[in-house]
Amino acid sequence: MGGTVLEALLLVRILSLKLQRVYLWVTLYCVINLLVDASAWAVGWESHEALRIFFFTRFAFAVLYPLAAWDVFEEIHTQIAKLRKIHSLRLMSSLLTTAIFGFIVSMLIDDQDSAGIPRPVAFMGAFLWLGSASASLLFTWSVWRTVRKQQLPAPHNTTVWAIFFLLTLGRAILDCGMLFAQPLFNAAIFDITEVVFSCFDISLCVWCVVKLRALPSDVGSISENATQ
């Protein structure tokens, strides 16, 4: 619940600084993330409805992760246009491969319901979530490493969002790994892991709220950049 409140604070911070002018997909990610957690809060964290919300929204995050990763470098899009395009082709090919492989495997899974969720659907959502997080993490890290290696000037918010999403995507991969490995652990270990993950989310959200800054006056919005 504390994490949900801080997610709302992060969204307010983004809107108050008018960062959505440039970071549209990052803002949308924060909105969806807040809505998902608030919905689970409303229906009860341990309820079957919350479980269904979790699994069905994995498809949404599988789409949002690469878009947000692309958005991280929007302030320097002119300087790294070719670099971002090269890595985006690898990102899309990885996502396509993940989707095809996940679909094939899901067809082999016994079609039974678990908490009202067909198992093939649950597997497909989790697998796409994992594949998207992995591909988006690789994209973000590759572009960010090249920016640092070539000593290109990185705006303050670009650095903040790069670190934020590298850690967020890495956390999502670990979370998905725990989801698949849950039958191997007892309930106590799984609960402790969830507490650790929640504390990590809270710390990262607080750090991001503190670190974000208003955009320089010479940075145009997405619509302005599109007309240049």
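For the range 132-172, taking the residues that are of a type in the set (A, V, I, L, M, F, W, C) and surrounded by fewer than 17 Cβ atoms within 10 Å (Cβ to Cβ), the one that is modelled with the lowest pLDDT is identified as L152.
Checking each residue in the range 48-72 for being of a type in the set (A, V, I, L, M) and modelled with pLDDT under 90 picks out A50, L51, I53.
Checking each residue in the range 63-97 for being among the basic types (K, R), out of contact with any Ser or Thr (no Cβ under 9 Å at 6 or more places or on another chain) and surrounded by fewer than 17 Cβ atoms within 10 Å (Cβ to Cβ) picks out K82, K85. Look at the range 68-94 and say how many of its residues are in a loop (DSSP other than H, G, I, E, B) and of a type in the set (A, V, I, L, M, F, W, C). Counting residues in the range 68-94 that are in a loop (DSSP other than H, G, I, E, B) and of a type in the set (A, V, I, L, M, F, W, C) gives 3. Which one of the conditions (1) without any contact (Cβ under 8 Å) to a residue 60 or more places away in the chain; (2) closer than 21 Å to C176 by Cβ does F61 fail to meet, given that it meets all the rest? Failed condition: (1).
The values are calculated or read from the model by the stated rules, or taken from the named source; none is laboratory data. All values derive from a computational prediction rather than experimental measurement. Cβ coordinates were reconstructed from backbone atoms using ideal geometry, including for glycine residues, and neighbour counts include every protein chain displayed.
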